[in-house]
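All remarks here apply to the structure that follows.
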Amino acid sequence: MLVVGVFGAENFLMRSSLVVIVAALVLFSRGRRTLSRVAFPLGFLFFMVPLPQIVFNAVAFPLQGFAAQNATSMLELLGIPVLRDGNVIHLSRITLASPRRAAGSAR
């Protein structure tokens, strides 16, 4: 998995290969009984591996839009004039944007 991840430049495969290697080492050195005892901690260890970028983007962008829509609604409810452009919120004197959008607009 590590070699395929390195050649394919896929960070998820490279990072998740650590969990597979640890499981294989436990199986090789201590046997199936010990591997079954540590199955839950090894499974929990998968949470340390960051999500692939395509999954992260599929989850993060709709959530940013949802947060911007709710923030705009709350500001309008408070009587503050606001304009929302995607996930960017424009107030009268300031623009609130996500860090990725702000860095891209500075170029």
TODO: Counting helices only, and only those DSSP H runs with n ≥ 4, report the 222 nm mean residue ellipticity of the chain as the sum of -39,500 (n - 2.57) divided by its residues, in deg cm²/dmol to the nearest 500.
DONE: -21000 deg cm²/dmol
TODO: Let me have the relative contact order for the chain, percent, based on Cα pairs under 8 Å that are six or more residues apart.
DONE: 14
Open item on the list: Taking just the alpha carbons, could you work out the radius of gyration and Dmax for the range 1-66, both in angstroms?
Closed with: 15.4, 49
- [ ] Specify the angular offset, from 0 to 90 degrees and rounded to the nearest 10, of the alpha carbon long axis of helix 53-77 from the longest principal axis of the alpha carbons in the chain.
- [x] 30
Open item on the list: Using only Cα atoms and rounding to the nearest 10 degrees, what angle (0 to 90) does helix 11-30 make with the longest principal axis of the chain?
Closed with: 30
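Bear in mind these aren't lab numbers, they're just calculated from the coordinates by the rules spelled out. This structure is a prediction, so every number in the text was calculated from the model and none was measured.
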